[in-house]
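The structure appears below as structure tokens.
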Amino acid sequence: MIKEIGRYFLTQEIDRAQGLKEFSDEEYFMAENLGMKRTLEDEKMFNGMSLEFASIPWETTTIGSTKGKIYKICLQLNSTSKKSAKKVLNTVVKFINKEIGRYNEHPFLSNKYIWDTPEGNIILYRMSRFNTHSVNIFFTSNLIQEQMLRLQEGT
């Protein structure tokens, strides 16, 4: 599993992560309207520093924490060129395949790839909206596994 992305790593103490700014009330509201509702214990979201992954500069970094530790690192790159976004997607797929092995899931003809490991998962996908083509990566730690099971059981 790839745990370290730039200066951030999964399970890192949030107090030791540099360059983070917690979401404002407005950002939390917008995130919830986009389906990113906070459900974990003491869950917080942060804007992080721009960073490089797979030799590609990512313009947006979002960090999720629970119980004072990073459980999710999200990267996003936007482009007005579909061709450029596809190239980034393919570069990242090759990089992750080389680092941790071939993806576990890739629905037929989709732009989505999933690597599922005992330590967590990586979801990579490309989407297009209003002439903007974005590539998104979500690195998630298994440290939330227990909380997610409790949420599913409704306890």
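The values are calculated or read from the model by the stated rules, or taken from the named source; none is laboratory data. It should be emphasised that the depicted structure is a prediction, and the values quoted were computed from it without experimental measurement. Methodologically, a virtual Cβ is constructed for each residue, glycine included, from the backbone with ideal geometry; neighbour enumeration extends over all protein chains shown.
Worth a mention:
- Members of region 13-55 found to be in contact with a Leu (Cβ under 7 Å, 6 or more places away or on another chain) and at pLDDT below 95, listed by number: Thr39
- Residues of region 96-119 classified as aromatic (Phe, Trp, Tyr) and under 11 Å from Ile2 (Cα atoms), total: 1
Table: residues versus (1) more than 15 Å from the chain's Cα centre (by Cα); (2) over 25 Å from Met148 (Cβ atoms); (3) among the basic types (Lys, Arg).
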position: Thr60; (1), (2), (3): no, no, no
position: Lys67; (1), (2), (3): yes, no, yes
position: Thr91; (1), (2), (3): yes, yes, no
position: Lys94; (1), (2), (3): yes, yes, yes
position: Pro107; (1), (2), (3): yes, no, no
position: Gly120; (1), (2), (3): no, no, no
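- Flag: Tyr8 matches the condition of being under 15 Å from the mean Cα position of the chain (by Cα) and more than 20 Å from Met148 (Cβ to Cβ).
- Every residue from region 79-115 that is surrounded by 13 or more Cβ atoms within 10 Å (Cβ to Cβ), in a strand (DSSP E or B) and not hydrophobic (A, V, I, L, M, F, W, C): Ser79, Lys112, Tyr113
- Test for Glu105: is it within 26 Å of Leu40 (Cα to Cα), without any contact (Cβ under 8 Å) to a residue 60 or more places away in the chain and of a type outside the set (S, T, N, Q): yes
- Of all residues in region 51-77, those being touching a strand residue (DSSP E or B) at 6+ places or on another chain (Cβ under 8 Å), more than 21 Å from Glu26 (Cα to Cα) and not in a strand (DSSP E or B) number 1.
- Of the residues making up region 24-55, just one is surrounded by fewer than 12 Cβ atoms within 10 Å (Cβ to Cβ) and either in contact with a Phe, Trp or Tyr (Cβ under 6 Å, 6 or more places away or on another chain) or among the β-branched types (Val, Ile, Thr) (or both), namely Thr39.
- Breaking point among (1) surrounded by 13 or more Cβ atoms within 10 Å (Cβ to Cβ); (2) in contact with a helix residue (DSSP H, G or I) (Cβ under 9 Å, 6 or more places away or on another chain), for Asn142: (2)
- Within region 69-78, considering residues that are within 30 Å of Glu146 (Cα to Cα) and out of contact with any Gly (no Cβ under 6 Å at 6 or more places or on another chain), the one surrounded by the fewest Cβ atoms within 10 Å (Cβ to Cβ): Gln76
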